[in-house]
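Here's the structure, in structure tokens; my notes come after.
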Amino acid sequence: MSAEKNPTPQAEDGSTRPGRRTPLIVAAVAIVAALGITAAVGLGGNDDKGSGPVAVVSGGDDTTRAATVLDRPFTKPALVLTDTKGEKYDLRERTKGKPTLIYFGYTHCPDVCPMTMSNIAIAKKQLPKADQDKLQVVFVTTDPERDTPAELAKWLPAAGDASFIGLTGDFSAIQAGARQIGIGIDPPKKQKDGTVVSMHGAQVIAFSPTTDQGYVLYGEDASIDDYSKDLPKLVKGENP
């Protein structure tokens, strides 16, 4: 397992901005891997009591793995948003029984978001056609005010693949959905120079087609080769 780095992100003009907030699971995974133990990692949730989901990750000797297999998977977020056609999209219903990768980001992101989409897109094209058709890649914006359905429809084919699903909607609903799978996002903030910064966790969560549970986590360092190696197994609901 490999821990995700927390680089200093940039605004859309390339200037340095405060770091993206990454869920605590990433640092904990690194510690767990180093110690070779199994530990429970608490993540920020959105229920009334303020408690969140708990992901349990198994430690081991292989610290080079890009994927972290969760012993206690996440339930797929109960998100009903708007897709690139301007139509209602029920995430649970539309991806039920399908291998699904979910990522939260924004189209004005200068680095990690387009790189992540591109890496997945290139790896996806290496799958047999039938498996390509099964795989669902969902990009949920963390900047819904600027990321309209039209903007997502224009950006996704360029950054990743025309088949990728882009979703936008009410920020509070998006934030709550992200928290359900342990990903922290903050409302976009306008800086003094006029640039807008969206701080978000940069994990990709893979959901099994057999259980509809999010059982594998990828950090922003996951490469094309990592996804190419793992996607054939994820399509079948197997551990990478």
#### Entry: Residue check for Asp61: modelled with pLDDT under 95, of a type in the set (Asp, Glu) and more than 16 Å from the chain's Cα centre (by Cα)
yes
#### Entry: Subset tally (residues that are surrounded by 13 or more Cβ atoms within 10 Å (Cβ to Cβ) and of a type in the set (D, E, K, R)) for region 72-93
4
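Would you point out which residue out of Gly201, Gly194 is surrounded by fewer than 16 Cβ atoms within 10 Å (Cβ to Cβ), of a type outside the set (Lys, Arg) and at pLDDT below 95?
Values: Gly201 fails: surrounded by fewer than 16 Cβ atoms within 10 Å (Cβ to Cβ).
Answer to the check: Gly194.
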### Query
From the residues in region 94-111 that are more than 19 Å from Ala206 (Cβ to Cβ) and either surrounded by fewer than 16 Cβ atoms within 10 Å (Cβ to Cβ) or in contact with a Leu (Cβ under 8 Å, 6 or more places away or on another chain) (or both), which one is modelled with the lowest pLDDT?
Pro110
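In region 159-184, which residue that is in contact (Cβ under 8 Å) with a residue 24 or more places away in the chain and over 18 Å from Asp90 (Cα atoms) is surrounded by the most Cβ atoms within 10 Å (Cβ to Cβ)? Can you show your working first?
Initially, region 159-184 is screened for residues in contact (Cβ under 8 Å) with a residue 24 or more places away in the chain, giving 159-161, 163-171, 173-184.
Then keep just the ones that are over 18 Å from Asp90 (Cα atoms); that gives 159-161, 182-184.
Details: Ala159: 21, Gly160: 24, Asp161: 18, Gly182: 26, Ile183: 29, Gly184: 20.
Ranking the qualifying residues of region 159-184, first place goes to Ile183.
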## Note on the structure
Of (1) surrounded by 18 or more Cβ atoms within 10 Å (Cβ to Cβ); (2) part of a helix (DSSP H, G or I); (3) over 16 Å from the mean Cα position of the chain (by Cα), Asp147 fails just (2)
### Query
In region 178-206, how many residues are over 19 Å from Arg146 (Cα atoms) and either among the charged types (D, E, K, R) or outside any loop (DSSP other than H, G, I, E, B) (or both)?
4
### Task
Go through region 127-142 and count every residue that is without any contact (Cβ under 8 Å) to a residue 40 or more places away in the chain and not β-branched (Val, Ile, Thr).
6
### Task
Please work out which residue is farthest from Ser118 (Cα to Cα), limiting yourself to region 207-240 and to residues that are of a type outside the set (Val, Ile, Thr) and assigned to a strand (DSSP E or B).
Gln213
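The values are calculated or read from the model by the stated rules, or taken from the named source; none is laboratory data. Just so it is clear, the structure is predicted and the values come from calculations on it, not from any experiment. As a convention, Cβ positions derive from the backbone with ideal geometry for all residues, glycine included, and neighbour counts pool all protein chains shown.
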